[in-house]
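K.L.:
Structure provided below as structure tokens; questions to follow.
The values are calculated or read from the model by the stated rules, or taken from the named source; none is laboratory data. Note that the structure is predicted; figures quoted are calculated from it, not measured. No Cβ is skipped: glycine too gets one built from the backbone with ideal geometry, and neighbour counts run over all protein chains shown.
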């Protein structure tokens, strides 16, 4: 049997590799060996491991969407914690995933100050964001882990999924931001590619303030 070292993997951006019959122990060892500072993104589901390398455009959209969501939470004065592409895993479910971006919002106080998140005792993120460019998000893993809301971005469209009775229901409005049309975020994401990140964030903050004043 030929054994390959993980450092020998060379996965071009936008490509993925699927490995079968990977035990939970092997998955945890792979996560440890690859470390936190890496280009690969991992997904694990009952013995099947996907290793994917995102495209630059994928990472760009991820960062801007994350910044827009942070700005929204800050202007609404909602406390939050963002954990980026942290590896979330549950041994009992034999599932693990690394979102493009994620936020603790309702459950922020519960995990505040924690350096490690253990989904066997800690709550999952309240919101996960996925950019579907080179691979399709597996919502079943997020649902199994109990992530309350999942945003899936494909092209210029955003799909909002809210967890109900263990399954995602596609809705038109976020349950976390009931007074904010999330589709507006996509327009600012498009604008960022034309006028730049800083101008977009500033304009978005102003839009939120005006929106809040109209609601109040």
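K.L.:
So residue 209 fits all but one of (1) under 30 Å from residue 18 (Cβ atoms); (2) exposed (fewer than 14 other Cβ atoms within 10 Å of the Cβ); (3) touching a residue at least 40 places away in the same chain (Cβ under 8 Å); what number is the exception?
P.N.:
(1)
K.L.:
Counting only residues that are surrounded by 21 or more Cβ atoms within 10 Å (Cβ to Cβ) and not in a helix (DSSP H, G or I), which one in the stretch 133-147 is modelled with the lowest pLDDT?
P.N.:
Only one residue fits best here, namely 137.
K.L.:
OK, next. When the residues of the stretch 46-66 are filtered to those that are more than 13 Å from the chain's Cα centre (by Cα) and part of a helix (DSSP H, G or I), which remaining residue is modelled with the lowest pLDDT?
P.N.:
Residue satisfying both the conditions and the ranking: 56.
K.L.:
Report yes if residue 96 is modelled with pLDDT of 90 or more, more than 19 Å from residue 149 (Cβ to Cβ) and touching a strand residue (DSSP E or B) at 6+ places or on another chain (Cβ under 8 Å), otherwise no.
P.N.:
Spelling it out, residue 96 is indeed modelled with pLDDT of 90 or more, more than 19 Å from residue 149 (Cβ to Cβ) and touching a strand residue (DSSP E or B) at 6+ places or on another chain (Cβ under 8 Å).
K.L.:
Also, quick follow-up: Can you name the residue in the stretch 99-123 that is touching a helix residue (DSSP H, G or I) at 6+ places or on another chain (Cβ under 9 Å) and either at pLDDT below 90 or not in a strand (DSSP E or B) (or both) and is also surrounded by the fewest Cβ atoms within 10 Å (Cβ to Cβ) among such residues?
P.N.:
122
K.L.:
Please determine, by comparing only the residues of the stretch 148-179 that are touching a strand residue (DSSP E or B) at 6+ places or on another chain (Cβ under 6 Å) and without any contact (Cβ under 8 Å) to a residue 12 or more places away in the chain, which one is surrounded by the most Cβ atoms within 10 Å (Cβ to Cβ).
P.N.:
Result: 159.
K.L.:
For residue 159, work out the one condition from (1) closer than 18 Å to residue 87 by Cα; (2) outside any loop (DSSP other than H, G, I, E, B) it doesn't fulfil.
P.N.:
(1)
K.L.:
Of the residues 80, 27, 88, which is over 21 Å from residue 153 (Cβ atoms) and buried (at least 16 other Cβ atoms within 10 Å of the Cβ)?
P.N.:
27
K.L.:
Next question, about the same structure. Pick out the one residue from 215, 185, 201, 194 that is touching a residue at least 24 places away in the same chain (Cβ under 8 Å), out of contact with any helix residue (DSSP H, G or I) (no Cβ under 6 Å at 6 or more places or on another chain) and more than 22 Å from residue 146 (Cβ to Cβ). Before you say what the answer is, go through the steps one by one.
P.N.:
Numbers: 185 fails: out of contact with any helix residue (DSSP H, G or I) (no Cβ under 6 Å at 6 or more places or on another chain); 201 fails: out of contact with any helix residue (DSSP H, G or I) (no Cβ under 6 Å at 6 or more places or on another chain); 194 fails: touching a residue at least 24 places away in the same chain (Cβ under 8 Å).
Exactly one of 215, 185, 201, 194 is touching a residue at least 24 places away in the same chain (Cβ under 8 Å), out of contact with any helix residue (DSSP H, G or I) (no Cβ under 6 Å at 6 or more places or on another chain) and more than 22 Å from residue 146 (Cβ to Cβ), namely 215.
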